[in-house]
Amino acid sequence: MTVLAAVDLGASSGRVMAAHIAGDRIDLTEAARFPNRAVPVQGRLYWDVLGLWSGVLDGLRALGDAEAIGVDSWAVDYGLIGTDGHLVANPFCYRDARGAAAKAKALEHVSAADLFAATGIQPQPFNTAFQLAAETASAHRALLIPDLLGYWLTGAMAWEATNASTTGLIDPATGDWSAALAGRLGIDLGWLGPVTATGTILGALLPEVAEATGLAASTKVIATASHDTAAAVAAVPYEGEGGAYISCGTWSLVGVERDTPITSVAAFEAGFTNERGADGSIRFLRNVAGLWLLSESVGTWRAQGLDVDLAELLAAAAKCERLRSVVDPDDARFADPGDMPDRIRAACAETGQPVPVSPAEVAACVLDSLALAHRSAIAALEALTGEAVATVHIVGGGSNNDLLCQLTADATGRTVLAGPDEATALGNALVQAQALGLIAPGPRARREAARASARPRRFEPEGPQGPWAAAKARLEPSRSA
């Protein structure tokens with residue numbers, strides 16, 4: 001049985017997963033998990049990337065054996081490498097405030113609509129393009145987080161395609177860096193090397209890494225689908241045509257896969273973006289705030305001394321009156337860490353709705369609101385692509401939330417297929433397996449392997465659509481305010 005290491009780095013934790021391949025099936029086990037957090041220093045927000053690196057080495061050591069390693073992470077953030085080949089400074093976190101000022105300055109030279117038309121990426125303050133435009137450090141190269149760790153593992157620099165596509169610097173028609181756009185933004189493209197095809201074998205472990213981990217020096221490192229959402233979408237077990245996906249965790253990424261990008265004004269105004277998939281496809285999607293609102297609420301209650309058990313909270317939320325109060329999860333007030341329940345109550349009061357009091361009522365409001373946002377995103381997808389969505393696949397950690405899955409089925413009026421919950425690690429491993437010839441090439445073979453590895457749970461819509469439409473109408477004043 002072949003074992004692959006899927007290194008999956010998230011905003012709150014990282015882990016090393018052992019992917020055991022038998023035939024066309026992959027079984028995942030967690031070898032190690034380690035914390036990750038953004039660290040505030042003198043008004044700036046950084047990632048402790050050296051702590052992440054230590055966690056990766058410890059995890060690989062715990063794994064014991066692996067034929068290959070692939071690293072995925074969140075998008076947009078990067079580390080700067082000096083001319084001596086070493087890290088210049090800790091990477092900034094995408095939530096650092098400098099991006100907003102850089103975006104405002106960039107928009108003095110090129111409009112947001114033109115940026116979207118040129119790249120297919122929604123202009124957001126955290127985009128790599130704006131972060132690089134704000135960069136004051138002197139450097140030789142800029143490596144996105146998974147590419148940075150791949151460099152430390154092998155000594156080879158890469159700019160893997162799925163993650164590169166999120167930067168706001170890629171021409172969606174060519175899949176290559178846009179020199180014209182970089183010039184207008186004042187970004188030195190010399191910091192970036194050739195875009196690396198997904199599934200490229202970068203090389204073997206450096207001797208010191210092999211010694212530190214106990215892995216064989218011949219262990220390969222593969223540029224997997226290194227953007228975590230791209231990895232998750234690579235593991236969506238589509239059953240047929242007309243399927244949309246929701247990669248659900250801190251964010252809900254609601255989208256479809258296409259052959260070509262959509263860069264119309266309507267797509268821009270609807271908040272959609274175009275990112276690369278594992279096979280060079282386009283992931284046309286909208287970012288919704290996701291379970292961030294619930295996790296921040298739970299954190300607030302626990303900080304206040306409440307003993308909150310998530311399973312009990314969701315069970316209580318399921319018994320609450322449905323659609324009693326809803327909020328727009330993408331309201332800017334919910335973007336930053338803090339007292340989320342208080343912000344949710346304030347938003348409900350402003351729209352003249354009943355104010356949720358208990359944790360269960362707040363959780364019910366959050367989940368109803370997320371399902372409503374999923375409904376809106378699916379409707380927009382259909383309008384923009386001209387294609388009907390027959391089935392919605394929810395993958396990632398949110399697929400374990402039965403209440404959210406059922407509410408999404410109810411809100412969209414579509415069958416929801418939930419799982420795999422470890423979609424990111426599974427997709428990471430599937431791309432590696434195809435690069436090594438362990439699974440046949442192409443998306444169809446990968447989908448078949450995904451279905452063999454994790455059987456989704458089915459949720460059918462219940463109840464009429466009228467209450468959901470009425471709930472959405474309640475939010476219109478806040479959206480236009």
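The values are calculated or read from the model by the stated rules, or taken from the named source; none is laboratory data. The structure displayed is predicted, hence computed values, not measured ones. Cβ placement follows ideal geometry from the backbone for every residue including glycine, while neighbour counts extend to all protein chains displayed.
Brief remarks on what is shown
- Filtering Ala129, Ala75 for residues that are under 30 Å from Phe284 (Cα atoms), assigned to a helix (DSSP H, G or I) and among the hydrophobic types (A, V, I, L, M, F, W, C) leaves a single hit, Ala129.
- Yes/no for Val362 being among the aliphatic types (A, V, I, L, M) and either closer than 27 Å to Phe272 by Cα or free of Cβ contacts under 8 Å to residues at least 60 places away in the same chain (or both): no
- Test: residue in the stretch 110-127 that is surrounded by fewer than 23 Cβ atoms within 10 Å (Cβ to Cβ), touching a residue at least 40 places away in the same chain (Cβ under 8 Å), closer than 28 Å to Thr219 by Cβ and not small (Gly, Ala, Ser): no
- Selection from the stretch 64-94 of residues that are under 23 Å from Gln434 (Cα atoms), modelled with pLDDT of 95 or more and more than 21 Å from the chain's Cα centre (by Cα): Ala66, Glu67, Ala68
- Helices (runs of 4 or more DSSP H) fully within the stretch 357-476 counting 1 or more residues that are among the hydroxyl-bearing types (Ser, Thr, Tyr), within 19 Å of the chain's Cα centre (by Cα) and closer than 26 Å to Ser73 by Cα: 423-435
- Of the numbered criteria (1) farther than 17 Å from Ile394 by Cα; (2) exposed (fewer than 12 other Cβ atoms within 10 Å of the Cβ), the one Gln432 fails is (2).
- Test result for Gly442, buried (at least 24 other Cβ atoms within 10 Å of the Cβ) and closer than 20 Å to Ala231 by Cα: no
- Each residue in the stretch 177-232 was checked for being of a type in the set (S, T, N, Q) and within 26 Å of Pro420 (Cα to Cα), and 5 pass.
- Entirely in the stretch 136-226, the helices (runs of 4 or more DSSP H) that have 1 or more residues that are in contact with a Lys or Arg (Cβ under 7 Å, 6 or more places away or on another chain) and of a type in the set (Val, Ile, Thr): 161-164, 207-213
- Here is the figure for the stretch 270-292: residues that are assigned to a strand (DSSP E or B) and either of a type in the set (A, V, I, L, M) or under 25 Å from Pro337 (Cα atoms) (or both) total 7.
- Selection within the stretch 192-242: residues that are modelled with pLDDT under 95 and farther than 16 Å from Gly277 by Cα. The member of this set that is surrounded by the fewest Cβ atoms within 10 Å (Cβ to Cβ) is Gly240.
- Scanning the stretch 258-269 for residues that are part of a loop (DSSP other than H, G, I, E, B) and among the aliphatic types (A, V, I, L, M) yields a total of 1.
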